[in-house]
Amino acid sequence: MMRQALYQEIIQAKENNQKLVAVLIDPEKIAISHIPHFFEKVHQSIITHVLVGGSTDVDKKMHRVVEKIKKTTQLPVLIFPGSHEQITEAADGILFLSLLSGRNPVYLIEQQIQSVEKLIDTQLEIIPTGYILIDGDTETAVQRVSQTQPISQKNHKEIIHTALAGQFSGKQLIYLEAGSGAKKMVASAIIKKVAHQLKIPLIIGGGIRSKKQLNAAFEAGANMVVIGTAFEENEAFLEELKK
Ligand code: 1GP
């Protein structure tokens with residue numbers, strides 16, 4: 001039986017009502033030489049986790065970026081891969097994603113099968129994660145790459161049922177996502193309803209650009225909130241999130 005230290009920490013945080021904040025680093029959007037400087041600010045902030053990944057990794061930088069991050073921080077580093085090609089042993093764990101909102105078998109099971117060769121003897125902690133893309137009022141990279149449609153924010157029932165279907169299938173986390181750079185984050189009412197029904201931890205991401213929005217997601221019941229674009233566009237935002 002694989003040890004699940006990272007997952008247990010997330011469960012513990014949920015039980016203790018401790019809020020987790022992850023910075024999402026897209027390897028395509030960060031210079032490796034900038035990583036130490038960036039993490040000086042991260043370490044002074046309330047960030048608890050580091051996610052690394054993107055819908056694409058054209059320059060195949062994933063491994064080098066994760067290696068550099070691991071040399072720079074003690075925070076847990078999880079891969080959030082857009083495809084099996086992004087898997088690297090340099091991280092601590094992997095969100096093993098299935099795109100449950102979509103109906104494209106490539107992202108429901110094919111990518112996962114393709115990952116097995118790399119994961120069969122892995123030291124990475126594998127965390128089965130149901131990934132649900134909902135409409136953030138703009139076409140996102142996930143949508144383009146996966147060729148799937150997000151669920152409308154009006155369709156609460158489908159969102160809740162998709163999250164629960166994930167839980168019933170054995171997913172250990174649900175990642176409810178408006179997509180990177182979303183104009184509209186996941187509405188509080190949706191977070192509230194999903195969090196109320198779910199037993200497993202809930203991650204919220206996409207379009208969160210202010211402390212107010214971050215707090216709104218937590219108040220509605222998110223266990224972890226992921227922020228990427230806001231830090232890419234304005235690193236000073238990290239200073240607003242000082243410990
Ligand atoms: C994307 O949820 C993450 O997968 C983060 O989204 O880049 O909009 O913060 P943003």
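The values are calculated or read from the model by the stated rules, or taken from the named source; none is laboratory data. Predicted model only: the values in this text are computed from it and were never measured. Using ideal geometry, Cβ is built from the backbone for each residue, glycine included, and neighbour counts are taken over all protein chains shown. Accessible surface areas use protein heavy atoms only, side chains included; no ligands, DNA or RNA. Shrake-Rupley method; radii C 1.70, N 1.55, O 1.52, S 1.80 Å.
Summary table
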item	result
Residue within the stretch 139-162 that is more than 16 Å from the ligand (Cβ to nearest atom), touching a strand residue (DSSP E or B) at 6+ places or on another chain (Cβ under 6 Å) and touching a residue at least 60 places away in the same chain (Cβ under 8 Å) present	yes
Test result for Gly130, under 14 Å from the mean Cα position of the chain (by Cα) and within 16 Å of the ligand (Cβ to nearest atom)	yes
One residue from Lys60, Lys29 being over 13 Å from the mean Cα position of the chain (by Cα) and within 12 Å of the ligand (Cβ to nearest atom)	Lys29
Of all residues making up the stretch 139-161, the number that are surrounded by fewer than 16 Cβ atoms within 10 Å (Cβ to Cβ), of a type in the set (S, T, N, Q) and more than 20 Å from Phe96 (Cα to Cα)	3
Among (1) part of a helix (DSSP H, G or I); (2) within 16 Å of the ligand (Cβ to nearest atom); (3) open to solvent by 70 Å² or more (accessible area, probe 1.4 Å) - the single one Lys183 does not satisfy	(1)
Which numbered condition Leu164 fails, given (1) closer than 17 Å to Ala217 by Cβ; (2) surrounded by fewer than 19 Cβ atoms within 10 Å (Cβ to Cβ); (3) not β-branched (Val, Ile, Thr)	(1)
Verdict on Ala236 being away from the ligand (no atom under 15 Å from the Cβ), open to solvent by 40 Å² or more (accessible area, probe 1.4 Å), at pLDDT 95 or above and hydrophobic (A, V, I, L, M, F, W, C)	yes
